[in-house]
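Here is the structure we will look at, set down as structure tokens.
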Amino acid sequence: MSQRCFYTLTNAVKNYPWGSHNALNQRFHVLNPDDQPQAELWMGVHPAGISQVTVEGSPLLLTKLIASDKMAMLGAATAERFGDLPYLLKILAADSALSIQVHPQKEQAELGYATQENLTSDTPDYNDANHKPELVYAITPFMAMNGFREPGEIIVHFKMLDIEGLRGAIKVLEQQPDTEGVQAFFIEIMQLSEGVKKEALQRLVSDAQKLYGDNLARFIHKLYQYYPHDTGVLAPLFLNCITLQPGEAMFLHPGTLHAYVQGTAIEVMASSDNVLRAGLTGKKINLKELVTCTSFVPTPLKSLLMAPVEENGQASYPIPVDDFHFSVIKDVHNLPIHTQSAEILLVINGNASLQHADGETLTIRTGQSVFIPATANDWTLTVTGSLCRVYG
């Protein structure tokens, strides 16, 4: 197989019900002839959505290209550490909220996946044996919930509802306003009776603006619009609510309870599709496994936004894992790039031209992506607009 420096990707679209019918089409030129909800565009080698390249005029799975020479494609360090492309890049376009969810730590995923292989289930808790740390970078204003609020704030929010059936859960947290108390409170909320849940949701929705103000009310009403009978509508009272502005980013550690509510963003994560759900869903909720995998340590709201490091035309976002690195490059001319592991570039808007010293060139436009093997080494990049760069 002849080896090149730049391979244009053809990527899988995920038509989940919460997806937007027009965001990927209008902003990234992803075809949607049947007017389907297009939720995610996947770039990588995860078995649930493997990208393709074209080699000698024929389509080839990216997994097979990489397998043809892992050392050359991935670089020695990545090949030895991970054995395959260690990250998954997505464009996410949400019209309605994704489920409230948590992703397991690496050890939990390995144990859970190995254990369930011996069981029979049509709805497994684990899809693979990997963890799923992830970064989200906003393209439009992007509503999300990320991590538990401080216990005192949770107590105040739930007392405002003044629901008799919630007083037991509130008392648990008042008596133990720490991580263990937050866990016990969460379990109580997840097991509310139908009567208490109905009363709480009715009061919450009718009085949201008066009790909590415009921002929280906006989250509550958005969740209630699509999930009117779901306990997850209470989540804005105990999870941080944030709206990322275009160009802002945040990181989510495994174990962080979160939900994406509305908007378009780029997501990059370890190559995993492990999700344990906690609400805003009609799918299975395994409360025992969910609690095992969830961190109940409060997350300060002011800590959520990431501060990029600007250097040589790139804004790089420091990430506390080695599965991937992420940077955004805007309006550069002949920027020298050194590649030492497998990379994927995605044009966010405008155009990008890649040029290698051996004479190979490639131009890609908004919504297009390219795989670059480790052996590309040194090449130059010109961008009119912006693109993101993901590498090991």
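Each reported figure results from applying straightforward, stated rules to the coordinates on display, with no laboratory input. Everything quoted here is computed from the prediction, not taken from an experiment. FYI the Cβ positions are ideal-geometry reconstructions off the backbone, even for glycines, and counts take in every protein chain you see.
Here are the numbers for the structure shown:
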item: All-pairs Cα distance distribution in the stretch 309-391, expressed in whole percent, bin size 5 Å; result: 3, 15, 27, 30, 18, 6, 1, 0
item: Under-5 Å amide H pairs with Asn349, H placed in peptide plane, nonlocal only; result: Ser386
item: Using θ = phi - 60° and Karplus 6.51 cos²θ - 1.76 cosθ + 1.60, couplings along the stretch 375-392 (whole Hz; Gly, Pro as x); result: 5, 4, 6, 10, 7, 10, 10, 10, 10, 10, x, 8, 9, 10, 10, 10, 8, x
item: Charge tally in the Cβ shell below 10 Å around Val182, where Lys, Arg are +1 and Asp, Glu are -1, Val182 excluded; result: -2
item: Per-residue [θ]222 nm for the chain (sum of -39500 (n - 2.57) over DSSP H runs n ≥ 4, rounded to 500); result: -8000 deg cm²/dmol
item: Stokes-Einstein D in µm²/s, Kirkwood radius over Cα pairs - the chain at 37 °C with 0.692 mPa s viscosity; result: 148
item: Cα centroid of the stretch 247-267 to Cα centroid of the stretch 151-200, whole Å; result: 25
item: Gap separating the Cα centres of the stretch 327-366 and the stretch 284-317, nearest whole Å; result: 28
item: Cubic angstrom per residue, convex hull over Cα atoms of the stretch 142-303; result: 116
item: Charge dipole magnitude, Cβ of K and R +1, D and E -1 - the chain, Cα centre, debye nearest 20; result: 680
item: Ordering of 279-285, 144-150 by burial proxy (mean other Cβ atoms within 10 Å per residue, highest first); result: 144-150, 279-285
item: Phi to ³J(HN,Hα) by Karplus 6.51 cos²θ - 1.76 cosθ + 1.60 over the stretch 284-292, Hz, x for Gly, Pro; result: 4, 10, 9, 4, 4, 5, 4, 5, 4
item: Angle in degrees between helix 194-226 and the longest Cα principal axis of the chain, rounded to the nearest 10; result: 60
item: Packing-based order for 175-182, 292-299, using average beta carbon neighbours within 10 Å, highest first; result: 292-299, 175-182
item: Mean Cβ count within 10 Å, highest first, over the residues of peptides 232-245, 214-227; result: 232-245, 214-227
item: Simple Cβ-charge dipole of the stretch 142-303, Lys/Arg +1 and Asp/Glu -1, about Cα centre, in debye nearest 20; result: 280
item: The chain: angle of helix 151-161 to the longest principal axis, Cα-based, in degrees nearest 10; result: 60
item: Distance violations [Cα-Cα > 26 Å] among Lys90/Lys198; Lys197/Lys288; Lys210/Lys283; result: Lys90/Lys198; Lys210/Lys283
